[in-house]
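For reference, the structure discussed in these notes is given below.
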Amino acid sequence: MRILIAGGAGFIGAYLCERLVLQGHTVICVDSLYTGTTENIAQLIPHPRFTFIKHDVVNHFDRDKFDKIDQIYNLACPASLVHYQKDPVKTIETNVIGTKNLLELALHHQARFLLTSTSEVYGDPEQHPQSEEYWGNVNTMGPRACYDEGKRCAEALAYAYHIYHGVDIRVARLFNTYGPGMQKDDGRVVSNFIVQLLSNAPVKLYGDGRQTRCFCYVDDMIEGLLGLMSSHCTTPVNLGSDNEISVVELAQLISDVLNKELAITYLPALIDDPKERRPDLSKCQRILGWEAKTSLRVGLANTAAYFKAKLETQELLSVV
Ligand code: NAD
Ligand code: UDP
């Protein structure tokens, strides 16, 4: 198949590109390099079945320039709070105009379209765990709104193209995903805590640390995305781990894995930071027969080893 991956040079996108090329598909990676980097896809660039196109999805696609496309994955959007809040208007445009452009491309090519939506569509949830039927509790006027409402609108657009134009859609609601390949300045909690501990610095914790998340290892997430794309399900599906842990417990676990002493600097809680989050995974288990398999300890050890090697190389380079 010919598969277009928007956001393919990002953290999750690069894994997806590699996996699909290895499966024998032709992959077209479209990315503006806003948070992604060609380093993530460097090993794929010489591959004859891989093409990288630097393009901002907000800009018009010349549809006729592409040979037939069979599937489109839309991952284009900064996922970390630090990056999506830097330019909130751009984040909304990426989610709304970018998703519309990609849906138009899907319509033109009769391609199946998968949107990577997010657990943030549930906002600071009043239902726990969060099932796909829950409509969410999102502040339209807060600092997370550009991302949360952007993704909610992207889902609504996908639904509208499905209903009115017959586009074959899939909607994955991803919960927190981590692993090797994240940028060291990505800004999300796992990479921040690992980099801080490896630098013998205190971890910076927002709020009292009792807020919870469930962390899914990236390899597991890729299986979930591929499974959903191959399924017949056109309604939203939660993908992630349901192993719930508080942020202070996460800090402790990472310090154990790294065998580093833990010091914590407590900072004020972030505005609208969800207090608890855990997916109800019964739908994806029923429909896809999928569940995350990697234990948090093993996943964190792999991620920590990746950052350790990366930081050591950078230190060596800065000495040379
Ligand atoms: P990431 O920031 O590493 O990757 C996003 C990619 O999209 C980057 O390569 C970036 O350059 C590209 N991009 C951003 N704006 C673009 C634009 N206007 N045009 C073209 N490319 C653009 O993030 P990630 O963690 O790999 O997340 C991938 C997708 O999954 C995102 O859509 C994100 O919202 C969603 N998601 C991720 C998580 C997670 O925990 N990682 C959780 C929920 C949802
Ligand atoms: N967090 C933290 N220190 C950091 C980064 C994040 O205490 O350096 C907290 C953040 O306030 C949130 C949780 O960790 O409660 C997860 O944050 P992240 O940005 O990784 O994911 P999201 O909030 O989008 O789920």
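The values are calculated or read from the model by the stated rules, or taken from the named source; none is laboratory data. These figures come from a predicted structure and were not determined experimentally. Counting neighbours? That spans all protein chains shown, and the Cβs are built from the backbone with ideal geometry, glycine included. Heavy atoms of the whole protein, side chains included, go into the accessibility calculation; ligands, DNA and RNA do not. Shrake-Rupley method; radii C 1.70, N 1.55, O 1.52, S 1.80 Å.
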Determine the share of the chain's accessible area contributed by carbon and sulfur atoms, expressed in whole percent, with a 1.4 angstrom probe.
52
Would you list which lysines come within 27 Å of LYS184, measuring only between C-alpha atoms, while excluding same-chain residues fewer than 8 positions from it?
LYS54, LYS86, LYS90, LYS151, LYS204, LYS260, LYS275, LYS293, LYS308, LYS310
Starting from the Cα of LEU267, step 7 Å toward the Cβ, then list every residue of the range 164-205 with an amide N under 19 Å from that point.
183-205
Taking a spot 7 Å from the Cα of TYR206 along the direction of its beta carbon, which residues of the range 75-99 have an amide N less than 17 Å from it?
78-89, 91
Heavy atoms only, probe 1.4 angstrom, no DNA, RNA or ligands counted: give me THR116, THR51 ranked by accessible area, highest first.
THR51, THR116
Diagonalise the Cα gyration tensor of the range 231-313 and give the resulting equivalent ellipsoid semi-axes, square root of 5 times each eigenvalue, largest first, whole Å.
30, 19, 12
Please report, in Å, the Rg and the Dmax of the range 101-142, where both are computed over Cα atoms only.
14.7, 40
Which FRET efficiency, nearest 0.05, do ASP87 and HIS128 yield, Cβ-Cβ r, R0 45 Å?
0.90
Using a Förster distance of 25 Å, how high is the FRET efficiency between ILE287 and GLN110, based on the Cβ-Cβ distance and rounded to 0.05?
0.60
Once you sort the root eigenvalues of the Cα gyration tensor of the range 1-65 as a ≥ b ≥ c, which label holds: rounded (a/c under 1.5), prolate (a/b larger than b/c) or oblate (the other case)?
oblate
Among TYR306, TYR134, what's the order by accessible area (1.4 angstrom probe), most exposed first?
TYR306, TYR134
Quick test of the membrane-span-like rule: which DSSP H helices of the chain reach at least 30 Å along their long axis (C-alpha atoms) with mean Kyte hydropathy at least 0.0?
296-319
Any idea of MET229's accessible area? Nearest 10 Å², probe 1.4 Å.
0
Using a 1.4 angstrom probe, figure out how much accessible area the chain has per residue, in square angstrom, rounded to the nearest whole.
45
Ratio of Rg to Rh for the chain, alpha carbon only, Kirkwood?
0.95
Kirkwood Rh, Cα atoms: Rg over Rh of the range 130-256
1.02
Qualifying aspartates and glutamates (Cα of each under 18 Å from Cα of LYS68; at least 8 residues distant if same chain):
GLU104, ASP168
So if we plug the beta-carbon distance of ILE163 and ASN139 into 1/(1 + (r/R0)^6) with R0 = 35 Å, what FRET efficiency do we get, rounded to 0.05?
0.80
